[in-house]
Amino acid sequence: MNQFQYVRPTKPQAAIDAVAKDANARFIAGGTNLVDLMKRGVMTPQKLVDINRLDFRKIERQNNALRIGALALNSTVADDKQVRERQPLLALALNAGASPQLRNMATVGGNMLQRTRCAYFYDVTMPCNKRQPGTGCGALEGVNRMHAIFGFSDKCIAVHPSDMSVALVALDATVQVSGPKGNRSIPFADFHRLPGDTPEKDTNLEPGELITAVDVPDNPFTKHVHYQKVRERASYAFALLSVAAALDIDNGGTIKAARLAMGGVAHKPWRLTAAEQVLVGKPATEESFRQAATVAMQGAKAFKYNEYKLRLGPNAIVQALKTAAAA
Amino acid sequence: MNAPEKKIGAPMNRVDGRQKVTGAAKYSAEYELPNMAYAVLVGSTVTKGRLSSIDTKDAERAPGVLAVITHLNAPKAPGVKPTGKDPSQPQTVGSALQVFMDDKIRFNDQPIAVVVANTLERARFAARLVRAQYAKEKHQTNLEANKANAFLPTQAKKNPKSPAADYQRGEVDAYKTGALKLEAEYVIPTEVHHPMELQAITAHWEAPDRLTLYDKTQGTMATRRDFARQWGLPEENVKVIATYVGGAFGNALHSWPHESAAIIAAKVVNRPVKLMLTREQMFTMVGYRPHTWQKIGMSATADGKITAITHESIGQTSTYEEFVEATLGQTKMMYQSPNLTTRYRLAALDVGSPIWMRGPGEATGAFALESAMDEMAFLLNIDPMEFRLRNYTDQDPEKNRPWSSKFLKECYQAGAQRVGWNKRQLKPGSLRDGEWFIGYGMGVGTFGAHRGSSKASAQLLPDGTVLLQSAVTDIGPGTGTAMTQIAADTLGLPPEKIRFEWGNSDFAQAPTQGGSAIVNTVGPAVQEVCMALKDKLRELAATSNGAFATAKKEDVSFADNHLTLAGNSTARATYADLVRQAGGKAVTVESKPSGEGQKFSMYSFSVHFAEVRVHELTGEVRVSKLISCADAGTIINEKTAGNQMKGGAVGGIGMALMEHAIIDDRFGRYVTKDLADYHVPVHADSPAIEVFFVNQPDPYVNQLGTKGIGEIATIGVAPAIANAVFNATGKRVRELPITPDKLV
């Protein structure tokens, strides 16, 4: 670990200033990812700005949305009554992530900002354009069984590891940020980026911008939801891939509205809007789900070791939709 | 007076349970010595070649740094032999990697420097500042690509009777001409022990010629011998303490580079030095279960009699040590096949040396053999248990002599009944529960019931406690508890009055904990020393009270503060007097195996039955039932033995379903670097494992009737699960682990 300064401001503006004015400063909240990265030398901030004293922990309903403070703990959100009643998909996704110990430390803002778990990113001796632009992508022709099948570039094929974010993108959430230039809202689908030529940038946050909350608008998806996470052990593992599914089904069994997103397949949580459209107006049957899955997988492309995702992806979508419909 | 309740066999709680769960138990990294310094290793970032330069200036200047040691400035231990031999042509069994001896790089992350500082954080920081330049050479880390260069191990070349030599009975490769035959290849990846406790050592030169090591090791005496030899010291000048070992699984059966590095560092800075590996370093320099390719050819008659088996194996080793294990052992003796051929080979790669990992080679071999048994049973359309029974051996077909004991059939019956084997269908994919396919599989394991020689010492203390000591370690199986039970029964004392101390090389000689041999070996020594102590006490008592002189040992018993004699209420000898008379001296005995091993084949046996559920869409596998049945002779402690069986079974689940250390061959570096990438089972992966012990004493291994548990707990579990997956889905996975991508 490198040496660093540590400050713990009590006012948001002080925190923002501290990071905006220092390119080598980073916010730290739960630290469940950043500290690991620092231990390995992947990230070497000169200053840590601890934001845990800021008042961003509340979960409250306003303007037909649930506003979840950026510092609310993953475990708190997953157990919150309003979240479980109004946004059960979010609670499911949160509980599928990490372990209880980590969820007790990790914050909502930090969860969105966790870095990829790509092994080449984590090993400072290996090539990685995300960690060190211009060094190449180690995974492209390496061990890439965990890697992307959508939206990658020849600079980076890493995936975003968050489960929570898959639910948030499906639920049309909005990220509230505060920065040197004031406050702004970022639709969740625009929050994370595809790698393109700048894989070092995970998100569209500007320097010094601080996430203050995430808003999840009210929706009809309070019953037929499921978060399907396929992993190599029953718990405490990153997804091979995951599917967030939410359905609104009328009494006749017809799908009125659908939300679908995948994790573990792209550099960002991957919303499947075309597949959602296939579902609307269709009966909630396996046949409809299979059609949606086929549309969802259009454009997917595999590498040497992740070809299984082309088969697992549609199956997981069908399974997620079946489970959601039966819920 | 009532006879005390028998302790052998009782499910007694661990004698050290409270220390462990309250944190009072001290592990190797937890010793705090005055003026201690901390060491961090710097590893090579290339896989093969030479260090062309190493720049330590920045590291040396960093705050708190006491020394940066490399091959350029390391003191050379007088007894150290150079690493290995010519790496391109392993001619010998080689020798362990010796750190900082030369500029040669033999594997990625090989230690090239050790940084010593007055705090761990400073040492870690400075370690990042060491900069090395390399003259790189082309490396080989891929087993598949190097199979053609596989060679017969040197020990087999020198000795055709070596277990690693080619074995033959009947005709060579007779399966090829069999009417009904199968031929299949099986692969296990590199698996890493990853005990919860990381490798750690605190090295303290108490004088220029006296060394104390608080070290994670499975053998205090083996470690003492290795480092005494390295430093040219008499063995008694080196003390190795390993009271508590937080799991090892074979990982601490060898002296490793970081131990040498800490000892060198302590010498250089003349302070005690603590060195703990990182989880990442646990992959690279302290051994692993080697990536192994196997091929089995098998033929059988239509009525299910095996006519021939050929079993070949190529395991990976390093360029500087030939690591040999008994991958093909089970095949030679488990089934009645008149024709049998085995060929064991090694492929030397630019990697760190492997080391035995629980169940070791036998577990690797059993994956292939027991999978092939299942494949053949399927070909024959015979129930796999019935197929095994038709080929059951009532005597050892390899050595043509009787078993010392074998109750494997009893294990089959018990396990089949408990798992619900009668529900199993011959046709795969027949059973479902909603989206889950259900299948049943079995796998058999065996391991030699080894017994070595060992000593134990015993001494009466003034409060009537008996202090027993042995250099043996307790790496988790509950050795200390089992020995306490044996002593309690032998002396007729309650366990609270026994203090068994272990894990110190100064104590009575004992072998390294490994190979399922500790209860077999140390148990008799403890029993015999207790009898000797009682006899000694009777003799001492006789000097002041003649009644004891003619008394029989069994008539002597322990009261609150004195010895009593049955049938003589006035005879008594106080502990205070006896201790004074003994002059503080302990009784020590050595216990050795009898010659019976020549007449019998001695093995423990196990069978594991698994029920699995495989998701039809996601390919996820869940083990819903696991029954482990063992013929391991007398069970000293049902609770700790059951615990050991369950732990071994969980290891088998890991082997079957998730454990997989992956090297990117372009770089020769692991891409699995921590326990997030390298999966071991979590609680949710393990059902409530049921254990059954036949609990019949073996008449010949030793007087206690024990045979050993540690290895058979794991051997056979992975094929049981793989076979159950086949029964559930019709998909035969011959390359572990069985991850969802292989089933979807």
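A few points about this structure:
- Check on B:PRO740, farther than 26 Å from B:LYS295 by Cβ and more than 9 Å from chain A (Cβ to nearest Cβ): no
- For the range A:237-251, filtered to residues that are in contact with a Gly (Cβ under 8 Å, 6 or more places away or on another chain) and open to solvent by 10 Å² or more (accessible area, probe 1.4 Å), the residue that is nearest to the other protein chains (Cβ to nearest Cβ) is A:PHE238.
- Residue count, the range B:602-614 (criterion: open to solvent by 10 Å² or more (accessible area, probe 1.4 Å) and either without any contact (Cβ under 8 Å) to a residue 12 or more places away in the chain or not aromatic (Phe, Trp, Tyr) (or both)): 3
- Options A:ARG231, A:ARG184, A:ARG259, A:ARG193; residue that is of a type in the set (D, E, K, R) and in contact with a helix residue (DSSP H, G or I) (Cβ under 6 Å, 6 or more places away or on another chain): A:ARG259
- Residue in the range A:256-266 that is free of Cβ contacts under 8 Å to residues at least 40 places away in the same chain and more than 15 Å from A:HIS226 (Cα to Cα) present: yes
- A:GLY31 vs. criteria within 30 Å of A:PRO133 (Cα to Cα) and part of a loop (DSSP other than H, G, I, E, B): yes
- You will find that of B:GLU375, B:GLU410, B:GLU362, the residue that is open to solvent by 20 Å² or more (accessible area, probe 1.4 Å) and either touching a Gly at 6+ places or on another chain (Cβ under 9 Å) or of a type in the set (A, V, I, L, M, F, W, C) (or both) is B:GLU362 and no other.
- In the condition set (1) small (Gly, Ala, Ser); (2) at pLDDT 95 or above; (3) surrounded by fewer than 24 Cβ atoms within 10 Å (Cβ to Cβ), B:GLY178 is compliant with all but (2).
- Leading residue by the ranking (most open to solvent (accessible area, probe 1.4 Å)) among those in the range A:3-57 that are in contact (Cβ under 8 Å) with a residue 40 or more places away in the chain, away from chain B (no Cβ under 14 Å) and charged (D, E, K, R): A:LYS21
Residue-wise test of (1) touching a Ser or Thr at 6+ places or on another chain (Cβ under 7 Å); (2) crowded, with 19+ Cβ neighbours inside 10 Å; (3) among the aliphatic types (A, V, I, L, M); (4) farther than 24 Å from B:VAL46 by Cβ.
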position	(1), (2), (3), (4)
B:LEU120	no, no, yes, yes
B:ARG128	no, no, no, no
B:HIS139	yes, yes, no, no
B:ASN142	no, no, no, no
B:ALA145	no, no, yes, no
B:PHE151	no, no, no, yes
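- Count of residues meeting criterion [touching a helix residue (DSSP H, G or I) at 6+ places or on another chain (Cβ under 6 Å) and part of a loop (DSSP other than H, G, I, E, B)] in the range B:148-193: 4
- Counting the residues of the range B:400-415 that are outside any strand (DSSP E or B), under 28 Å from the mean Cα position of the chain (by Cα) and either over 22 Å from B:ALA630 (Cβ atoms) or hydrophobic (A, V, I, L, M, F, W, C) (or both) gives 4.
- Residues in the range B:128-143 that are part of a strand (DSSP E or B) and not aromatic (Phe, Trp, Tyr): 5 in all.
- Residue within the range A:278-287 that is open to solvent by less than 50 Å² (accessible area, probe 1.4 Å) and under 26 Å from A:GLN114 (Cα atoms) present: no
- The single condition from (1) open to solvent by 60 Å² or more (accessible area, probe 1.4 Å); (2) hydrophobic (A, V, I, L, M, F, W, C); (3) not in a helix (DSSP H, G or I) that A:ALA234 fails is (1).
- B:MET298 meets each of the listed conditions (1) touching a residue at least 40 places away in the same chain (Cβ under 8 Å); (2) part of a loop (DSSP other than H, G, I, E, B) apart from (2).
- For the range A:203-217, the criterion of being open to solvent by 40 Å² or more (accessible area, probe 1.4 Å), farther than 25 Å from B:VAL744 by Cβ and either within 14 Å of chain B (Cβ to nearest Cβ) or among the small types (Gly, Ala, Ser) (or both) is met by no residue.
- The listed residue being more than 22 Å from the chain's Cα centre (by Cα), surrounded by 24 or more Cβ atoms within 10 Å (Cβ to Cβ) and in a helix (DSSP H, G or I), out of B:ALA547, B:ALA525, B:ALA541, B:ALA482: B:ALA541
- Failed item in (1) within 19 Å of the chain's Cα centre (by Cα); (2) part of a loop (DSSP other than H, G, I, E, B); (3) aliphatic (A, V, I, L, M), with B:ALA222 passing the rest: (2)
- Taking the conditions (1) in a helix (DSSP H, G or I); (2) under 30 Å from B:MET373 (Cβ atoms); (3) of a type in the set (D, E, K, R) in turn, B:GLU496 satisfies each one other than (2).
- Residue count for the range A:115-126, restricted to those that are open to solvent by 30 Å² or more (accessible area, probe 1.4 Å) and within 12 Å of chain B (Cβ to nearest Cβ): 3
- The listed residue being charged (D, E, K, R), within 22 Å of B:VAL725 (Cβ to Cβ) and either touching a residue at least 12 places away in the same chain (Cβ under 8 Å) or within 14 Å of another protein chain (Cβ to nearest Cβ) (or both), out of B:LYS639, B:LYS646, B:LYS673: B:LYS646
- B:GLY170, sole failed condition from (1) within 14 Å of chain A (Cβ to nearest Cβ); (2) touching a Pro at 6+ places or on another chain (Cβ under 6 Å): (1)
The values are calculated or read from the model by the stated rules, or taken from the named source; none is laboratory data. What you see is a predicted model, and the numbers here were worked out from it, not measured in a lab. Cβ coordinates were reconstructed from backbone atoms using ideal geometry, including for glycine residues, and neighbour counts include every protein chain displayed. With ligands, DNA and RNA removed, areas are computed over all heavy atoms of the protein, side chains included. Shrake-Rupley method; radii C 1.70, N 1.55, O 1.52, S 1.80 Å.
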